[in-house]
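Contents: one structure, followed by commentary.
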Amino acid sequence: MGKALIIGAGGVAGVCIHKCCQNSDVFEEICIASRTKSKCDAFKEKLDGGKTKITTAQVNADNVEELIALINDFKPDVVINLALPYQDLTIMDACLATKVNYVDTANYEPLDTAKFEYKWQWAYRERFEKAGITALLGSGFDPGVTGVFSAYAMKHEFDEINYIDILDCNAGDHGYPFATNFNPEINIREVSAKGSYIENGQWVETEPMEIKRVYNFPEIGEKDMYLLHHEELESLALNIKGIKRIRFFMTFGQSYLTHLKCLENVGMTSIDPIEFEGKQIVPLQFLKAVLPDPASLGPRTKGKTNIGCIFIGKKDGKDKTYYLYNVCDHEACYKEVGSQAVSYTTGVPAMIGAAMLLTGKWNKPGVHNIEEFDPDPFMDALNEFGLPWKESYNPDLVD
Ligand code: NDP
């Protein structure tokens, strides 16, 4: 049916590539392009021989001209950006110049400020609309499936949704005292930032990890979770009718938190460059270099993830509560595609989002967050491609 250019060859890209090959009726041809071409070639070697034709390329995604040349050469119908959030705008620029649809899983973040918000990407709305192309923002799990869950709840279960709590639990154990499950730099920037949530249309800011709750996750059990700022809060508060409060919680184990605090205290998580032996280095980037590569955690990680949303609102004038979630098993993911569940839960929705655009099931020129589209075909595809969802009408609530 179409051609996809996948940019990036890390943990999430690896899963997405596997899933494109499993969905070969839609993904007839893919090109894997990244900074380090040998990583793209390794994926090709592993998956070549199926129905999806695979090629590879080297690209510096910070360079718009290089991206344009690659797109003109391969002529994809969609570009799936699985590099880092820093590359979102250059890749969007290249898509605009070549009139190709765009998908990503994380919103733009400037390299020198750990602040993520949608304003930079939303500023492309008119230009994408005029060019007749669609940018689908945030097609991972959170953001991503959490937005699809919200659109589904709105469409089928509620007249208005007043409260959303997004709960992200990773109960996986990789056996290391400290490691991050996806890109360490992005992960640590996210969790060491101030927390925030939206109440009555206003952002309320908290100190990092200030708000803690214990939640009894289905199929996992009780875990400590902490309120974080998260990008989908911004778009969901605008796109879901009736929202009074929306919060995001993520679980962390005590060992992770103790190590993080210590690294923070000694200055290792700073993004301000320092002079070291005559060279400028960024402490957080140096830390990334000494931590385990998230891709290496796959064979070691045991346990499950549970990510979902609890909705409270009204249907036919009555109060209603509804919980939609997915449980994913690290070892089962590794057996299937050679990656742990955090990459899996992001890579599968990235493929599905691109498939929605390729098949024309979603077609809305402009720049859109995922909850702005019809959730039904995406929800069906989650069941088909390895992320089945479950629902409960009587969940435990978060106070
Ligand atoms: P990795 O660090 O494993 O992979 C990133 C890849 O991008 C690497 O292959 C890297 O190349 C490549 N890359 C980085 N900079 C450039 C550049 N300038 N030009 C070309 N390629 C580049 O990250 P993950 O796979 O863990 O994460 C990928 C994305 O997914 C991130 O944006 C992350 O924020 C997002 N994410 C989203 C989630 C969600 O639920 N929405 C959850 C988890 C992640 P090299 O191999 O040379 O380093």
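Taking region 88-123 as the range and being more than 21 Å from the chain's Cα centre (by Cα), more than 16 Å from the ligand (Cβ to nearest atom) and of a type in the set (Gly, Ala, Ser) as the test, only ALA97 passes.
Filtering region 124-148 to residues that are more than 9 Å from the ligand (Cβ to nearest atom) and touching a helix residue (DSSP H, G or I) at 6+ places or on another chain (Cβ under 9 Å) leaves TYR124, ARG127, PHE128, ALA131, ILE133, THR134, ALA135, LEU136, LEU137, GLY147, VAL148.
What about GLU190, is it among the acidic types (Asp, Glu) and within 16 Å of the ligand (Cβ to nearest atom)? For GLU190, the condition - among the acidic types (Asp, Glu) and within 16 Å of the ligand (Cβ to nearest atom) - is met. Filtering GLY14, GLY8 for residues that are on the phi > 0 side of the Ramachandran plot, buried (at least 24 other Cβ atoms within 10 Å of the Cβ) and within 12 Å of the ligand (Cβ to nearest atom) leaves a single hit, GLY8. Among the residues of region 94-116, those identified as surrounded by fewer than 16 Cβ atoms within 10 Å (Cβ to Cβ), outside any helix (DSSP H, G or I) and touching a helix residue (DSSP H, G or I) at 6+ places or on another chain (Cβ under 7 Å) are LYS99, LEU111. When region 34-72 is filtered for residues that are assigned to a helix (DSSP H, G or I) and acidic (Asp, Glu), the ones remaining, listed by number, are ASP41, GLU45, GLU65, GLU66. Restricting attention to region 17-38 and to residues that are under 21 Å from the mean Cα position of the chain (by Cα) and within 9 Å of the ligand (Cβ to nearest atom), the residue that is most open to solvent (accessible area, probe 1.4 Å) turns out to be ARG35. For region 250-259, does any single residue satisfy the condition of being under 25 Å from TYR118 (Cα atoms) and within 21 Å of the chain's Cα centre (by Cα)? There is at least one residue in region 250-259 that is under 25 Å from TYR118 (Cα atoms) and within 21 Å of the chain's Cα centre (by Cα).
Checked against (1) of a type in the set (D, E, K, R); (2) within 12 Å of the ligand (Cβ to nearest atom); (3) assigned to a strand (DSSP E or B), ASP165 meets all criteria but (2). Looking across region 344-363, the residues that are of a type in the set (Val, Ile, Thr) and either within 16 Å of the ligand (Cβ to nearest atom) or part of a helix (DSSP H, G or I) (or both) come down to THR345, THR346, VAL348, ILE352.
The values are calculated or read from the model by the stated rules, or taken from the named source; none is laboratory data. Computed from a predicted model, the values in this text were never measured in an experiment. Cβ coordinates were reconstructed from backbone atoms using ideal geometry, including for glycine residues, and neighbour counts include every protein chain displayed. Surface areas here come from the heavy atoms of the whole protein model, side chains and all, with no ligands, DNA or RNA. Shrake-Rupley method; radii C 1.70, N 1.55, O 1.52, S 1.80 Å.
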